[in-house]
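The values are calculated or read from the model by the stated rules, or taken from the named source; none is laboratory data. All values reported here derive from a predicted model rather than from experimental measurement. Glycine also receives a Cβ, built like all others from the backbone with ideal geometry; neighbour counts cover every protein chain displayed. Note: areas computed on protein heavy atoms with side chains; ligands, DNA, RNA excluded. Shrake-Rupley method; radii C 1.70, N 1.55, O 1.52, S 1.80 Å.
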Amino acid sequence: MKFDITGMSCSACVARVEKAVSALEGVESCSVSLLTNSMLVEGTLDASKIISAVSEAGYGAIEADESAEISASQFESKEIPRLKRALLLSAGFLVVLMYISMGHIMWGWYLPSFLMHPVVIGALEATLALIVMIINRRFFISGAKAVISRSPNMDTLVALGSGVSFVYSVYLYIRIILGEHHLLHGLYFESAGMIVTLITVGKLLEAIAKGKTTSALRTLMDMSPKYATIIENGKERVIRASELRPDDIFIVKSGESIPADAVIIEGSASVDESSLTGESNPADKGEGDRVSASTICASGFLKCKAERTGADTAFAQIIKTVQNATATKAPIAKIADRVSGIFVPSIITIAVLVSLLWLAIGGGASLAITHAISVLVISCPCALGLATPVAIMVGSGVGARGGILFKTAEALEHTGGVKIVALDKTGTVTTGQMQVVGLEAQGIAPEELLSLASALERKSEHPIARAIVDYAEQGAVPTLEAQGFESLAGKGVLATINGERVVGGRLELVSNYAHIPQHMIEKAQGLSKSGQTSLYFVRGSEPIGIISLSDTIKPSSTEAVKWLKKNGFRVVMLTGDNEHTARAIATEAGIDEVVAGALPSDKEQKIRELRADGRVMMVGDGVNDAPALAACDIGVAIGAGTDVAIDTAEVVIMKSELTDVCDAIRLSKATLRNIKQNLFWAFFYNVIAIPIASGALSGLGIVLSPMLGALAMSLSSVCVVTNALRLNLFKPLFKKTKNEEIEAEEDEMVTVIRVSGMMCPHCEARVKTALEAIEGVEKATPSHKKGVVKVKFDAPATVSQIKSAITEAGYSAE
């Protein structure tokens, strides 16, 4: 359950709320975020009892509606306008107060003669200070509530500092009324007003900086579609995207955002999926393909059937994943939590002891109160509370923007601490797009073998099964029906076809049902040495043939493995494939350690063995990887993988590229480094500032006034948040420049031409239409972001024809 919490101002508030809720029977875990003012609770307790416990602790709680549609407005701070109003009003009265208390009394600035009497001046100062304190009354109300609930917080310190200054000044003013006019120079009314005003300045700066920590998420939210064009009774009607429902039919034109996760039922287009995966190159989509909400139809036309809408779309789930990650707590934050629980009471105790010490050594009441107030207002529990969550928020947002999703703050912290990276082969190291490259029948016609194999594999989700089915469909072989289908994970499949048992899979499986001739085994072994995977097929008790398939390594896999090894990570490949094929793929990828022929249980066991040598990351995409993903320290699921793998993993890579695993490690290290810097500053600041405020260096002439203490307290939190914002400068390690991408496209024997003047997807559509009208042009893919058009030919055509068509369309070709 998720709750929105009100009334928190510092880490002491966080500790108080967590303590109150965690004490309830039925609560398994509770995590409160000061940054997002939210709370995540796991357990079986009723929400009303949790809300009641938070209320008794002195704060407010409202159960969040997690089914509501996510919008960018959720990230807008409601505090900023209120703080701005309070600051402007406070500053207006404070300027007058400072003119009287400092300008006139200390420097002799002009005042009308009727205001020159000490009693009148004191009354003016008291009135102006009281107005400023009333404007900023939230500090006193919150501080008092915290004391009543026996959980003093930052507002308590501010209220005490300002309140003691005011009360002591009122005492002196009474003596002035009684004739001790010389005490006018000892009034602290300006300090009472200045303290709350400077804290408000700090709170405003902090709120603005905190707002910037969600910039990555707001950028994504701005891409969210606002409207959808649905088809009703053969007519188009525009509705709000939030009104779209599953099974609705909608159309998407060039340049428009796709409003829901859907399947294409008509049309084709180039779809910009950068909002979802971070991949800048558009993906070609056609009938039967699936598209995701918030991706953009760069060019073309689509008619789609909605499958998931609103808060159920993949895009909305990404945002919720990041939000939940920021609401969870990183293990390193426990250091600050332990300190926060006793911080404010300790500061109040220190302030009292400081005042008593100065009185004991003859410093006088004025000096004792000055130092006590300085100690109260300079101490900053807020910086401690923000040190971890701001870095987690920015790190999670940057990751999401690049297609890397950390499900929890703990995953973000620990990803960079792994020592061993275990990789699945199919779909992880390789593309997973298996292709049939050979078929050898034994005692039956090749077409019959393919027909039987297709019927057997049709009910399997494995990439190899899909490849065989696709190959059979291309060959237009007879379609057969399989009964009693059974999948044996990591071994193969079996079913009954035309009344006979048919088995397909590894040698270990099929040899249990038939004797496999040596020449078939030798044939398969020879193919495996070249990196091909061979499946044996048996009908009844007779072997009927071998089908061999091949897979290709992803271009990013070699780069990723090279980087991992260079940076000291041990890389291991775990696969259910045979030893020869596994070795061939591993050698090509640069992986030295291979575990072949591994069943799901074998992968899990190997992960447990590897954990004895250090923290292990497992990267996989299939159902058979789920046990290993659950057994490792950090499970990473490839975004194109199965739901089971994605649900089991702590990190999801949306682009399915291994180089993003490297970036996930780098981002984790950068975030953890940032958290440590923030915690160091928060602790270091208080360790240095409190002794100075107490007057420990007064013998050297270094004395800190309460006003400077309030300013320092305000800026300390701003420093922590600003440091966290540096994570926005994080850059992917393997992202290609525009020129490199163009060169890669040219290497693929595709003509790439630079085009000037394209400004939007509509410009792209115009160029695409003009070029595809040329005889010999199979496909044109323009990109206004890159300023190029990629042209694929299916017959001879000249570049001059292409450039002429671009010019006639109103653009310039280079």
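Restricting attention to segment 143-166 and to residues that are part of a helix (DSSP H, G or I) and farther than 21 Å from ALA372 by Cα, the residue that is most open to solvent (accessible area, probe 1.4 Å) turns out to be ILE148. THR349 satisfies every condition listed in (1) of a type in the set (Ser, Thr, Tyr); (2) open to solvent by 10 Å² or more (accessible area, probe 1.4 Å); (3) farther than 30 Å from PRO331 by Cβ except (3).
Evaluating ALA455 against the criteria (1) part of a loop (DSSP other than H, G, I, E, B); (2) closer than 23 Å to GLU508 by Cβ leaves one unmet condition, (1). Within segment 573-585, if we keep just the residues that are of a type outside the set (Ser, Thr, Tyr) and part of a loop (DSSP other than H, G, I, E, B), the residue that is surrounded by the fewest Cβ atoms within 10 Å (Cβ to Cβ) turns out to be ASN578. Of the candidates GLU508, GLU593, GLU588, the single residue that is over 19 Å from LEU439 (Cβ atoms), surrounded by fewer than 21 Cβ atoms within 10 Å (Cβ to Cβ), out of contact with any strand residue (DSSP E or B) (no Cβ under 6 Å at 6 or more places or on another chain) and not aliphatic (A, V, I, L, M) is GLU508. Annotation note: of LYS523, LYS529, the sole residue that is closer than 20 Å to LEU450 by Cβ, among the basic types (Lys, Arg) and open to solvent by 10 Å² or more (accessible area, probe 1.4 Å) is LYS523.
I'd like the residue in segment 416-452 that is modelled with pLDDT under 90, hydroxyl-bearing (Ser, Thr, Tyr) and part of a helix (DSSP H, G or I) and, out of all such residues, is surrounded by the fewest Cβ atoms within 10 Å (Cβ to Cβ). Only one residue fits best here, namely THR426.
Scanning segment 1-50 for residues that are out of contact with any helix residue (DSSP H, G or I) (no Cβ under 9 Å at 6 or more places or on another chain), open to solvent by 50 Å² or more (accessible area, probe 1.4 Å) and assigned to a helix (DSSP H, G or I) gives SER22, SER48, LYS49. Within segment 453-466, residues that are open to solvent by 20 Å² or more (accessible area, probe 1.4 Å) sit with their Cβ atoms under 8 Å from residues that are β-branched (Val, Ile, Thr) and in a loop (DSSP other than H, G, I, E, B), at 6+ positions apart or across chains, in these pairs: GLU461/THR642.
Within segment 738-776, the residues that satisfy the criterion of being open to solvent by less than 80 Å² (accessible area, probe 1.4 Å), over 25 Å from GLU256 (Cβ atoms) and either touching a Phe, Trp or Tyr at 6+ places or on another chain (Cβ under 8 Å) or modelled with pLDDT of 80 or more (or both) are THR751, ILE753, ILE774, GLY776.
Tell me which residues, restricted to segment 532-542, are assigned to a loop (DSSP other than H, G, I, E, B) and either within 30 Å of GLY499 (Cβ to Cβ) or open to solvent by less than 20 Å² (accessible area, probe 1.4 Å) (or both).
First, the residues of segment 532-542 that are assigned to a loop (DSSP other than H, G, I, E, B): 532, 540-541.
Those that are assigned to a loop (DSSP other than H, G, I, E, B) and either within 30 Å of GLY499 (Cβ to Cβ) or open to solvent by less than 20 Å² (accessible area, probe 1.4 Å) (or both): GLY540, SER541.
Closer than 21 Å to GLY620 by Cβ, hydrophobic (A, V, I, L, M, F, W, C) and over 34 Å from the mean Cα position of the chain (by Cα): is that true of ALA514 in this structure? Answer is no for this residue. Taking first residues from segment 472-494 that are closer than 14 Å to LEU456 by Cα and free of Cβ contacts under 8 Å to residues at least 12 places away in the same chain and partners that are surrounded by 19 or more Cβ atoms within 10 Å (Cβ to Cβ) and of a type outside the set (S, T, N, Q), the Cβ contacts under 6 Å between residues at least 6 apart in sequence or on separate chains come to GLU486/LEU494. In contact with a strand residue (DSSP E or B) (Cβ under 7 Å, 6 or more places away or on another chain) and not in a loop (DSSP other than H, G, I, E, B): does that describe VAL718? Spelling it out, it is not the case that VAL718 is in contact with a strand residue (DSSP E or B) (Cβ under 7 Å, 6 or more places away or on another chain) and not in a loop (DSSP other than H, G, I, E, B).
Of all residues in segment 124-139, how many are touching a helix residue (DSSP H, G or I) at 6+ places or on another chain (Cβ under 8 Å), open to solvent by 30 Å² or more (accessible area, probe 1.4 Å) and either modelled with pLDDT of 90 or more or of a type in the set (Ser, Thr, Tyr) (or both)? Working first, answer last.
At the first step, the residues of segment 124-139 found to be touching a helix residue (DSSP H, G or I) at 6+ places or on another chain (Cβ under 8 Å) are 124-126, 128-133, 135-136, 138-139.
Filter once more, keeping what is open to solvent by 30 Å² or more (accessible area, probe 1.4 Å): 124, 130-131, 135, 138.
Now drop any that are not either modelled with pLDDT of 90 or more or of a type in the set (Ser, Thr, Tyr) (or both), which leaves 124, 130-131, 135.
Looking only at that region, the number is 4.
Can you name every residue in segment 532-562 that is touching a His at 6+ places or on another chain (Cβ under 9 Å) and either among the hydroxyl-bearing types (Ser, Thr, Tyr) or without any contact (Cβ under 8 Å) to a residue 60 or more places away in the chain (or both)? Answer for segment 532-562, where residues must be touching a His at 6+ places or on another chain (Cβ under 9 Å) and either among the hydroxyl-bearing types (Ser, Thr, Tyr) or without any contact (Cβ under 8 Å) to a residue 60 or more places away in the chain (or both): just SER541. In the set (1) at pLDDT 90 or above; (2) at positive phi, GLY492 fails one condition alone, (1). Considering only residues in segment 543-572 that are at pLDDT 90 or above and in a strand (DSSP E or B), the one that is farthest from GLY492 (Cα to Cα) turns out to be ARG570. Restricting to segment 1-23, name every residue that is more than 20 Å from THR408 (Cβ to Cβ) and touching a strand residue (DSSP E or B) at 6+ places or on another chain (Cβ under 8 Å). Once the filter is applied, which keeps residues that are more than 20 Å from THR408 (Cβ to Cβ) and touching a strand residue (DSSP E or B) at 6+ places or on another chain (Cβ under 8 Å), segment 1-23 yields THR6, GLY7, MET8.
Just so you know, in segment 299-319 the residues that are part of a strand (DSSP E or B) and open to solvent by 10 Å² or more (accessible area, probe 1.4 Å) include one that is modelled with the lowest pLDDT, and it is GLY300.
When restricted to residues that are within 42 Å of the chain's Cα centre (by Cα), open to solvent by 10 Å² or more (accessible area, probe 1.4 Å) and hydrophobic (A, V, I, L, M, F, W, C), segment 468-492 contains 4.
Out of segment 352-407, which residues are open to solvent by less than 10 Å² (accessible area, probe 1.4 Å), over 20 Å from LYS731 (Cβ atoms) and in a loop (DSSP other than H, G, I, E, B)? Listed by number, the residues that qualify are SER379, CYS380.
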